[in-house]
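Note sheet for the following structure.
The values are calculated or read from the model by the stated rules, or taken from the named source; none is laboratory data. All figures in this text were calculated on a predicted structure; none of them were measured in a lab. Reconstructed Cβ throughout: ideal geometry from the backbone, glycine too, with neighbour counts over all protein chains shown. With ligands, DNA and RNA removed, areas are computed over all heavy atoms of the protein, side chains included. Shrake-Rupley method; radii C 1.70, N 1.55, O 1.52, S 1.80 Å.
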Amino acid sequence: MSRSFFFATTVLCLLFCSSLLPGQTPQVGETRVAKWKDDRKAAFLLMFDDSWPSHVQVAAPELVKRGLVATFYINPGKGEYLKFATDWQEKLWKQGMVYGNHTMTHKGVKDLENAEWEIGECARIIREMVPGKAERLVSYGQPGVDKDAWNITPAQLEELLKKHHMIDRPPFTGHGAVYHLKTTEEMLALADKAIASGGMEYLVVHGVERTTPRLGYQDFWPLPQAVFFPLLDALKERSDRGDLWITDHISQHQYETERNAAVTKVVEAGEKAIKLQLTTTADPKYYDLPLTWVTRVPAGWKKVKVVHEGKEQKVSVQPDHTVRFDALPDGKLLLLQQEDG
């Protein structure tokens, strides 16, 4: 490698890399992609399995009340789902909840042909029920069944997930409400672990305790309301103060994948305007979630207009002379200008 090439590469890195060297002064136009949406410290996922009635009657209403979102792993051929099919088809997803694939019946798979139906049909129903791109990503959660009830290999499962554009969620081990974690404090410890590390954590819930209506039985592994409600309150508090991004599995997966492949180029940086080109090498067919970016602006700027693809955002300048905005890393020119007034 020539000295001139090494020198040029070093200069470009100093100009365009998102992180500063120790003691380096931040430069106008310097832009980084936030680790998580809205520049929050960590991500946290709430997951609900098996299409239990308490998801419709208790969990979703309490999430909506607090402005929280979760992924519900549904079984469209299971009796409990069918009893509340209208709610699943016409209500929960419109409230912001996201559906994941938990197979059609939760009974396992007899062979590869049956697995194609159990997994593929569930994916088809989700995409048909909830508006969106035909081949968009869907989260997959393996149902817990006896080993002799699951008769395909890991390689065959991987091929099915790839065929139907699904992303396998993190494992249940150590993250199950009631089964592994029994108290609000134990569950919140997962969230605080994520905040401390800057990473992602999650909780998998099955049933939720019902006090009304009383149906004479509780759903599987019911999480007591005395644990569940304070948990949601505490998660919302962490979200409100900017610590947690509480989201669904696919959004978290998309963000992380796009972020890890993101490239920031400063095209122009001056007192009048900043021009950026934001890209990612992730496949835009499946990875089309806007990322949060943080850009340093001139000291005199108070309000900033962000123009991208003909659309405008107006954002305030932070005390450290940065602005935060969301933009799709599509490679098209993005303009930041001081907002008049």
Pairs needed: first member in segment 288-301, under 13 Å from residue 39 (Cα atoms); second member anywhere, hydroxyl-bearing (Ser, Thr, Tyr); C-beta distance under 7 Å; at least 6 residues apart or different chains.
291/255; 293/31; 294/31; 294/322; 295/31; 295/322
Report, ordered by the first and then the second residue, all pairs with beta carbons closer than 9 Å, sequence separation of six or more or different chains, a first member in segment 118-131 that is without any contact (Cβ under 8 Å) to a residue 24 or more places away in the chain, and a second member that is open to solvent by less than 10 Å² (accessible area, probe 1.4 Å) and in a helix (DSSP H, G or I).
none
Scanning for something under 17 Å from the mean Cα position of the chain (by Cα), within 15 Å of residue 46 (Cα to Cα) and in a strand (DSSP E or B), does segment 182-196 turn up at least one residue?
no
Condition first: touching a residue at least 40 places away in the same chain (Cβ under 8 Å), closer than 25 Å to residue 97 by Cβ and out of contact with any Leu (no Cβ under 6 Å at 6 or more places or on another chain). Can you find one or more residues in segment 152-160 that meet it?
yes
Out of everything in segment 207-236 that is out of contact with any strand residue (DSSP E or B) (no Cβ under 9 Å at 6 or more places or on another chain) and either assigned to a helix (DSSP H, G or I) or hydrophobic (A, V, I, L, M, F, W, C) (or both), what residue ends up being modelled with the lowest pLDDT?
215
When segment 298-320 is checked residue by residue, the ones that are open to solvent by less than 60 Å² (accessible area, probe 1.4 Å) and in a loop (DSSP other than H, G, I, E, B) are 298, 300, 301, 317
Between a residue in segment 329-341 that is more than 17 Å from residue 296 (Cβ to Cβ) and touching a residue at least 12 places away in the same chain (Cβ under 8 Å) and any residue that is open to solvent by 20 Å² or more (accessible area, probe 1.4 Å) and not in a strand (DSSP E or B), which pairs come within a Cβ distance under 8 Å, given they are 6 or more apart or on different chains?
330/284; 330/309; 332/309
Can you spot a residue in segment 257-270 that is crowded, with 21+ Cβ neighbours inside 10 Å and under 17 Å from residue 328 (Cβ atoms)?
yes
Of all residues in segment 129-166, which are outside any loop (DSSP other than H, G, I, E, B), modelled with pLDDT of 95 or more and open to solvent by 70 Å² or more (accessible area, probe 1.4 Å)?
148, 154, 158, 159, 162, 163
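Here is a yes/no grid of residues against (1) hydrophobic (A, V, I, L, M, F, W, C); (2) open to solvent by 10 Å² or more (accessible area, probe 1.4 Å); (3) in contact with a helix residue (DSSP H, G or I) (Cβ under 6 Å, 6 or more places away or on another chain); (4) more than 15 Å from residue 106 (Cβ to Cβ):
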site	(1), (2), (3), (4)
35	no, yes, no, yes
42	yes, no, yes, yes
46	yes, no, no, yes
49	no, no, no, no
54	no, no, no, yes
60	yes, no, yes, yes
70	yes, no, yes, yes
If you go through 175, 206, 180, the only one that is open to solvent by 60 Å² or more (accessible area, probe 1.4 Å), out of contact with any helix residue (DSSP H, G or I) (no Cβ under 6 Å at 6 or more places or on another chain) and not acidic (Asp, Glu) is 180
Test: residue 228 is touching a residue at least 24 places away in the same chain (Cβ under 8 Å), surrounded by fewer than 18 Cβ atoms within 10 Å (Cβ to Cβ), within 29 Å of residue 103 (Cα to Cα) and not hydroxyl-bearing (Ser, Thr, Tyr):
no
Looking at 253, 249, can you tell me which residue is closer than 20 Å to residue 92 by Cα, buried (at least 20 other Cβ atoms within 10 Å of the Cβ) and modelled with pLDDT of 95 or more?
249
Of the residues in segment 101-121, those that are among the small types (Gly, Ala, Ser) and surrounded by fewer than 19 Cβ atoms within 10 Å (Cβ to Cβ) number 1
Considering only segment 80-100, I want to know if a residue exists there that is open to solvent by less than 40 Å² (accessible area, probe 1.4 Å), assigned to a loop (DSSP other than H, G, I, E, B), over 16 Å from residue 166 (Cα atoms) and charged (D, E, K, R).
no
Failed condition for residue 289, given (1) over 29 Å from residue 57 (Cα atoms); (2) in a strand (DSSP E or B); (3) open to solvent by less than 50 Å² (accessible area, probe 1.4 Å), with all others met?
(2)
Evaluate the following for residue 276: is it under 30 Å from residue 68 (Cβ atoms) and crowded, with 20+ Cβ neighbours inside 10 Å?
no
